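Peer 1: Dropping the structure in here first, questions after.
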Amino acid sequence: MSAASPTPPGVPASRLAVIDVGSNTARLVLFRVSSSCNLRAMFERKESPRLGLGAAADGSLSPEAMERGVGSLKRFAQTLKDIGDPALVAVATSATRDAPNGPAFVQRVARETGIDLRVLSEVEEARYAYLGVASACELHDDLVCDLGGGSLQVVSAHDGRLQNSVSLPLGALRLTQRYLEHDPPKNREIDALREAVKGHIDSAVKALGGEHSGAYGVGGTVRSLAKVVINLREYPISRVHGYPLRRRDLSALEELLMEMPSDKRSTIAGIGGDRADVVLAGLVVIEELLAETRQELITVSGTGIREGIAAEAVHAPLPASSEALAERSARAASEAFDFSMEHGTQAERLTRMLFELLADRLGWGAEERMALSLAAWMHDSGTAVDLWRHGRHSAYLVRNFPIWGVSQREVLLASMAAYVHEGGPLPSEWKKAFQPILGGDDLDTARRLGAILEVAEITEPFHPRFSSSGDGRTVTVSFSSSSSTAPPGRVGEKVAKTIPRAFDIEVKIRDS
């Protein structure tokens, strides 16, 4: 089963499988690739062969670890056969790369499973982590930090493009084996671990140089830490992608977890048995990384090396703006649920015209504009479930379909705008349900965005133009005088009611 050749530009495969064999875990992910090169995970299988466990002093894989790794890949090979042998890219990272007998392991995998593993260099691993984050987030002058079982890759981006990277021997499994002998660990073990981590990260930060506006976290340990915090705080969105994991969260987790033995840690939602013994070392790494880079939080990315590998294979144009990433996601949703993206695009054009007239008066900015665009693109997605109540189903799909490039607040505002775009009220319980993501005025903002979308949708067939008086107190809606494009009177009446009710301004309807 050979690795897939890169797909020709403009002709993405409809399905692509990626296997990633790390020091702690191995994963098989099957992606659906849209015509716009958007990636959506359809299926995942995870195993914990722990290739790095019990490695010799020179890094050689133990016979037991190799046996576990081959066994996992045999099961992956059978799974691939069961799902129709999609195109495949398979890679191995730190444990295999650092092991003198790594090539022998790769040869055995090929011989016994038919899977051709490509061993990634440190530079390649860092680049794929960067591409994975760039496939879902608009990067600026940021750090991308990929914490695995064997190593930590830190990438510095400048103006969204990869500038430099370093690889550090700070993987959660590697550090656990080296420093944490007892369960739970002794204070002196944690202190020694922290000093070692601090020294490595300090030198890496100096090597990377420059100031960074933010940091993104990649990898299973980072996601596990976020899941624990989300569950403990009863956070209203359970998906970890986009979650701001703060230094105070990590301090609270350290206080909670350090005194627990691993069997008790394994019972905490978000950790599980495969990370219970290594999560403490990972926690220390992230704490020290934030301290050394003077960041108050790390934004958790739900996408990483596997998405980066897939993005390269299908020639996804990266890096990209938030708007481009969100629009690709909406187009992928339109293919998945068979709603009209063309209609959504036309509605979005009109909502943008109205937004520009009203935004300054309301103090709106880029987040509100992005939320409105997303709501416009996907306001009819709910027709895949029920035409007559599609607003509420569209709201659900906006919140739950993977939309890249947007913040959690933007997703919620878009969801609410889609919910009310036909004139209905928002559920009263939403104000409490989505704290602390939404601010005090956000429900009013969502209702107003929904009103803009409502006006755009009902006027779109009649090619309207919108203008505003100098003082911003009057919006004029002009329609063509052609009998074939002029709207019926009820459309003008609807507009004349909707805008004043939402914005407390006058509306004038005019035939041009």
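The values are calculated or read from the model by the stated rules, or taken from the named source; none is laboratory data. These numbers were taken from a predicted model, which means no experiment stands behind them. Glycine also receives a Cβ, built like all others from the backbone with ideal geometry; neighbour counts cover every protein chain displayed.
Peer 1: May I ask you to list the residues in the range 236-264 that are in contact (Cβ under 8 Å) with a residue 60 or more places away in the chain and under 27 Å from Ala41 (Cα atoms)?
Peer 2: Within the range 236-264, Pro236, Ile237, Arg239, Val240, His241, Gly242, Tyr243 meet the criteria.
Peer 1: Does Arg294 satisfy being among the charged types (D, E, K, R), out of contact with any helix residue (DSSP H, G or I) (no Cβ under 8 Å at 6 or more places or on another chain), over 15 Å from Ala226 (Cβ atoms) and surrounded by fewer than 17 Cβ atoms within 10 Å (Cβ to Cβ)?
Peer 2: In short, yes.
Peer 1: Please count how many residues of the range 219-253 are of a type in the set (Gly, Ala, Ser), touching a strand residue (DSSP E or B) at 6+ places or on another chain (Cβ under 9 Å) and either on the phi > 0 side of the Ramachandran plot or surrounded by fewer than 18 Cβ atoms within 10 Å (Cβ to Cβ) (or both).
Peer 2: Residues in the range 219-253 being of a type in the set (Gly, Ala, Ser), touching a strand residue (DSSP E or B) at 6+ places or on another chain (Cβ under 9 Å) and either on the phi > 0 side of the Ramachandran plot or surrounded by fewer than 18 Cβ atoms within 10 Å (Cβ to Cβ) (or both): 2 in total.
Peer 1: Please verify whether the range 90-97 includes one or more residues that are at pLDDT 95 or above, farther than 25 Å from Thr176 by Cβ and not in a loop (DSSP other than H, G, I, E, B).
Peer 2: There is at least one residue in the range 90-97 that is at pLDDT 95 or above, farther than 25 Å from Thr176 by Cβ and not in a loop (DSSP other than H, G, I, E, B).
Peer 1: May I ask you to say which residue of Leu438, Leu413, Leu449 is outside any helix (DSSP H, G or I) and either of a type outside the set (Lys, Arg) or more than 22 Å from the chain's Cα centre (by Cα) (or both)?
Peer 2: Going through Leu438, Leu413, Leu449 in turn, the sole match is Leu438.
Peer 1: Go through the range 195-218 and give me each residue that's surrounded by fewer than 16 Cβ atoms within 10 Å (Cβ to Cβ) and either closer than 15 Å to Ile298 by Cβ or not aliphatic (A, V, I, L, M) (or both).
Peer 2: Across the range 195-218, the qualifying residues are Glu195, Gly199, Asp202, Ser203, Lys206, Gly209, Gly210, Glu211, Ser213.
Peer 1: Sticking with this structure for a sec: Just to be sure before I move on: is Lys497 surrounded by 12 or more Cβ atoms within 10 Å (Cβ to Cβ), touching a helix residue (DSSP H, G or I) at 6+ places or on another chain (Cβ under 6 Å) and without any contact (Cβ under 8 Å) to a residue 24 or more places away in the chain in the structure I sent?
Peer 2: So Lys497 fails the test.
Peer 1: What residue, of Ala110, Ala77, Ala129, Ala92, is under 18 Å from Ala26 (Cβ atoms) and outside the structural domain of Phe43 (by TED's automatic domain parsing)?
Peer 2: Being under 18 Å from Ala26 (Cβ atoms) and outside the structural domain of Phe43 (by TED's automatic domain parsing) holds for just one of Ala110, Ala77, Ala129, Ala92, which is Ala129.
Peer 1: Go through the range 270-303 residue by residue and tally those that are in contact with a Phe, Trp or Tyr (Cβ under 7 Å, 6 or more places away or on another chain) and modelled with pLDDT under 95.
Peer 2: 0
Peer 1: Moving on. What do you reckon, is Ala226 over 23 Å from the mean Cα position of the chain (by Cα), of a type in the set (Gly, Ala, Ser) and outside any strand (DSSP E or B)?
Peer 2: no
Peer 1: Turning to a different aspect of this structure: Looking at the range 335-372, which of its residues are over 19 Å from the mean Cα position of the chain (by Cα), surrounded by 22 or more Cβ atoms within 10 Å (Cβ to Cβ), within 30 Å of Ser14 (Cα to Cα) and not acidic (Asp, Glu)?
Peer 2: Residues satisfying the conditions are Phe339, Gly344, Ala347, Leu372.
Peer 1: If you don't mind, there's one more thing I want to ask. Can you name every residue in the range 21-34 that is in a strand (DSSP E or B) and in contact with a helix residue (DSSP H, G or I) (Cβ under 6 Å, 6 or more places away or on another chain)?
Peer 2: Within the range 21-34, Ala26, Leu28, Val29, Phe31 meet the criteria.
Conditions (1) part of a helix (DSSP H, G or I); (2) at pLDDT 95 or above, marked per residue:
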| site | (1), (2) |
| --- | --- |
| Thr7 | no, no |
| Ile19 | no, yes |
| Ser36 | no, no |
| Gly69 | yes, yes |
| Leu73 | yes, yes |
| Gln78 | yes, yes |
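Peer 1: Would you tally the residues in the range 479-506 being touching a strand residue (DSSP E or B) at 6+ places or on another chain (Cβ under 9 Å), at pLDDT 90 or above and not in a helix (DSSP H, G or I)?
Peer 2: Result for the range 479-506: 2.
Peer 1: In the range 102-209, which strands (runs of 3 or more DSSP E) lie fully inside it and hold 1 or more residues that are of a type outside the set (Ser, Thr, Tyr) and without any contact (Cβ under 8 Å) to a residue 60 or more places away in the chain?
Peer 2: 152-158, 161-168
Peer 1: Could you tell me which of the residues Val411, Val420 is over 30 Å from Thr303 (Cβ atoms), aliphatic (A, V, I, L, M) and touching a residue at least 12 places away in the same chain (Cβ under 8 Å)?
Peer 2: Result of the check over Val411, Val420: Val420.
Peer 1: Please work out if Ser321 is within 16 Å of the chain's Cα centre (by Cα), surrounded by fewer than 15 Cβ atoms within 10 Å (Cβ to Cβ), more than 21 Å from Val507 (Cβ to Cβ) and touching a residue at least 60 places away in the same chain (Cβ under 8 Å).
Peer 2: So Ser321 passes the test.
Peer 1: Moving on. So, restricting to helices (runs of 4 or more DSSP H) that lie completely within the range 269-371, which ones have at least 3 residues that are not assigned by TED's automatic domain parsing to the domain that holds Val197?
Peer 2: Fully inside the range 269-371 and qualifying: 305-313, 322-337, 341-362.
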